[in-house]
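Enquirer: Dropping a structure here in structure tokens format, bear with me for questions.
The values are calculated or read from the model by the stated rules, or taken from the named source; none is laboratory data. Bear in mind the structure is a predicted one, so any value in this text is a computation, not a measurement. Every residue, glycine among them, receives a Cβ derived from its backbone with ideal geometry; neighbour counts consider all protein chains shown.
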Amino acid sequence: MIAALHLPATLAGQPLAACGMPPELAALLSLHNMTCADVIGTCWSQSGTVHVTLQNEFEDALGYHFDWGWVIPAMPRWYVDDDGKAGPPVWRFVPTAVWQELAQAGRLAAPVHDIIGQASKPVRYGISQVMRAPLRLHGTDPSFSADMHYEELERALPHDLCTLWPYCAEDADPAVLVQWLERAFLPRAMLALLRLLKSAALARIHEIEKQQLGNASKGGRP
């Protein structure tokens with residue numbers, strides 16, 4: 001599937017490159033006595049529910065590296081059927097810098113995948129609102145709205161902030177969505193959404209710390 005995709009050579013000035021496994025996430029797992037080979041989550045693939053490790057998530061990944069993390073325009077081979085047919089990229093957004101910042105501040109009260117499920121919900125809602133806004137792009141119809149060019153916005157893999165599945169109609173032009181990502185979403189909307197993610201993650205971490213403190217207090221009673 002990955003080999004069949006027609007991926008842009010650059011995205012918002014960043015070249016397409018092998019991603020590998022984000023070292024930030026590998027280091028954060030070690031804080032919780034976990035390795036990259038440990039089962040850390042489950043997801044739904046075309047083959048059904050599967051256990052997912054960090055290695056699975058970034059197997060043979062190609063993408064674009066930004067200061068805040070990766071944009072990966074494909075799912076792993078094991079996730080989808082490799083039928084050799086070309087199709088529009090599936091866009092994964094992996095915000096590694098937020099988790100590294102929280103860890104350095106001593107505020108990562110649980111593994112990343114335990115926090116991101118709740119913290120990413122308001123961000124995905126924010127993205128859906130941005131996607132539905134009319135977008136005026138050079139060389140495109142002023143009435144174009146990006147929600148005509150995607151089918152689903154979800155979190156397909158445990159460490160994705162979100163996963164954007166493009167619209168697959170025959171007359172849909174993937175280049176239009178790429179233009180929107182480059183000119184509107186990544187340079188402007190993404191910065192605000194990352195701030196929202198950090199705020200939501202801190203709120204979730206506070207809940208976890210409060211619960212842990214309560215459990216410790218109960219355990220300390222005579």
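Enquirer: Can we say GLU59 is within 15 Å of PRO158 (Cβ to Cβ), outside any helix (DSSP H, G or I) and either in contact with a helix residue (DSSP H, G or I) (Cβ under 6 Å, 6 or more places away or on another chain) or modelled with pLDDT of 85 or more (or both)?
Expert: So GLU59 fits the description; yes.
Enquirer: Can you find a residue in segment 109-125 that is among the hydroxyl-bearing types (Ser, Thr, Tyr), within 14 Å of the chain's Cα centre (by Cα), at pLDDT 80 or above and over 21 Å from VAL52 (Cα atoms)?
Expert: yes
Enquirer: Now, a different point. What tally of residues in segment 29-44 results from selecting those that are part of a loop (DSSP other than H, G, I, E, B) and in contact (Cβ under 8 Å) with a residue 60 or more places away in the chain?
Expert: Counting residues in segment 29-44 that are part of a loop (DSSP other than H, G, I, E, B) and in contact (Cβ under 8 Å) with a residue 60 or more places away in the chain gives 3.
Enquirer: Does segment 45-54 hold any residues that are assigned to a loop (DSSP other than H, G, I, E, B) and either on the phi > 0 side of the Ramachandran plot or at pLDDT below 85 (or both), and which are they?
Expert: Once the filter is applied, which keeps residues that are assigned to a loop (DSSP other than H, G, I, E, B) and either on the phi > 0 side of the Ramachandran plot or at pLDDT below 85 (or both), segment 45-54 yields GLN46, SER47.
Enquirer: Let me ask something additional. Which of the residues that make up segment 173-190 are in a helix (DSSP H, G or I), at pLDDT below 80 and more than 18 Å from the chain's Cα centre (by Cα)?
Expert: Answer for segment 173-190, where residues must be in a helix (DSSP H, G or I), at pLDDT below 80 and more than 18 Å from the chain's Cα centre (by Cα): PRO174, ALA175, VAL176.
Enquirer: Condition first: modelled with pLDDT under 90 and either among the charged types (D, E, K, R) or crowded, with 16+ Cβ neighbours inside 10 Å (or both). Now tell me which residues in segment 191-207 satisfy that.
Expert: ARG204, ILE205, GLU207
Enquirer: May I pose another question? Can ARG136 be described as in contact with a Ser or Thr (Cβ under 7 Å, 6 or more places away or on another chain) and modelled with pLDDT under 70?
Expert: no
Enquirer: Condition first: among the acidic types (Asp, Glu), modelled with pLDDT of 85 or more and either within 23 Å of TYR79 (Cα to Cα) or not in a helix (DSSP H, G or I) (or both). Can you find one or more residues in segment 155-172 that meet it?
Expert: Yes: one or more hits.
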